[in-house]
1. Applying the selection to the stretch 35-62, what residues are of a type in the set (S, T, N, Q) and more than 17 Å from Ala7 (Cβ to Cβ)?
2. List the number of the failed condition for Gly172; all other conditions in (1) over 25 Å from Asp79 (Cβ atoms); (2) modelled with pLDDT of 95 or more hold.
3. Within the set of pairs 6 or more residues apart or between chains, which connect a residue that is of a type in the set (Gly, Ala, Ser) inside the stretch 34-51 to a residue that is assigned to a helix (DSSP H, G or I) with Cβ atoms less than 6 Å apart?
4. Which fully enclosed helices (runs of 4 or more DSSP H) of the stretch 58-145 have 2 or more residues being aliphatic (A, V, I, L, M) and surrounded by fewer than 20 Cβ atoms within 10 Å (Cβ to Cβ)?
5. Just a yes or no: is a residue in the stretch 81-95 free of Cβ contacts under 8 Å to residues at least 12 places away in the same chain, touching a helix residue (DSSP H, G or I) at 6+ places or on another chain (Cβ under 8 Å) and closer than 22 Å to His146 by Cα?
6. Of the residues in the stretch 160-181, how many are open to solvent by 60 Å² or more (accessible area, probe 1.4 Å), in a helix (DSSP H, G or I) and out of contact with any Leu (no Cβ under 9 Å at 6 or more places or on another chain)?
7. At pLDDT 90 or above, in a helix (DSSP H, G or I) and either surrounded by 18 or more Cβ atoms within 10 Å (Cβ to Cβ) or among the β-branched types (Val, Ile, Thr) (or both), is that true of Thr29?
8. Six or more apart or on different chains, Cβ under 6 Å: which pairs go from a residue in the stretch 105-134 that's under 23 Å from Arg73 (Cβ atoms) to one that's among the polar types (S, T, N, Q) and surrounded by 14 or more Cβ atoms within 10 Å (Cβ to Cβ)? Could you list them?
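The values are calculated or read from the model by the stated rules, or taken from the named source; none is laboratory data. Predicted, not measured: the structure shown is a model, and the values here were computed from it. Ideal geometry is used to build each Cβ from the backbone, glycine not excepted, and the neighbour counts take in all protein chains shown. The protein model used for the area step is the full one, side chains on, heavy atoms only, and it has no ligands, DNA or RNA in it. Shrake-Rupley method; radii C 1.70, N 1.55, O 1.52, S 1.80 Å.
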Amino acid sequence: MTAARSAVSEEVVLDTALTLFAERGYHGTALSQIAEVLQIRTPSLYNHMRSKEDLLRAIVDRTTAAVLEDFERVTGEDDDWAGQLARATRVYAFRHATHRREALVVNRDTDCLGEPHRTQFQARRRRHEHAFRAIIACGVDAGVFHVDSPALASFAIREMCVSIARWFRDRGAMTADSVADEYSRYALQIVGSQTGHQ
């Protein structure tokens, strides 16, 4: 018990909360359950956090920031729209395969946050969505993509990636890399890409 208590830190509490939120949902997880997993008393949690909502806020903050950073790292100012879409899809799919707990919690429980955090994080997610859609729209304008609705195509591609968190398993038949590669090819097919990017 002493060893378990000494190993508890803010990061350990957050990681434990993340696992339980992913398994049971934010509202389905009590602080007493987090404390039980950590083998500490519930009041001791307040040495590492202010509230259960603060744990959720930290998870959503880190995850939405990382998604946007992934996107901005692989997209640029060039006009290789097929390459940008393939890379943007690949990193989004890869993150959902390698950060399944975070994806499940963010996509299900962000609305549980109070204001102003809920609006701030929703705005960050919309920024990613709009930038993703803009790549497709630019590709259509350039004659590289052939799709009637860039908004619908963007939604289809992003939702396809989001679903990975629900079914992917580390010890499954495919690796996270192979799934991400395949999904980037699917994205180009969805938009009717004529470039042959892989």
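1. Thr42, Ser51
2. Among (1) over 25 Å from Asp79 (Cβ atoms); (2) modelled with pLDDT of 95 or more, the lone unmet condition for Gly172 is (2).
3. Ala35/Thr42; Ala35/Leu45
4. 117-141
5. no
6. Looking only at that region, the number is 2.
7. Against the criterion (at pLDDT 90 or above, in a helix (DSSP H, G or I) and either surrounded by 18 or more Cβ atoms within 10 Å (Cβ to Cβ) or among the β-branched types (Val, Ile, Thr) (or both)), Thr29 does not qualify.
8. Close Cβ pairs (under 6 Å, with a partner that is among the polar types (S, T, N, Q) and surrounded by 14 or more Cβ atoms within 10 Å (Cβ to Cβ)) amount to Val106/Thr63; Phe121/Thr64; Phe121/Thr110; Arg124/Thr64; Arg125/Thr64; Phe132/Ser154; Arg133/Ser154.
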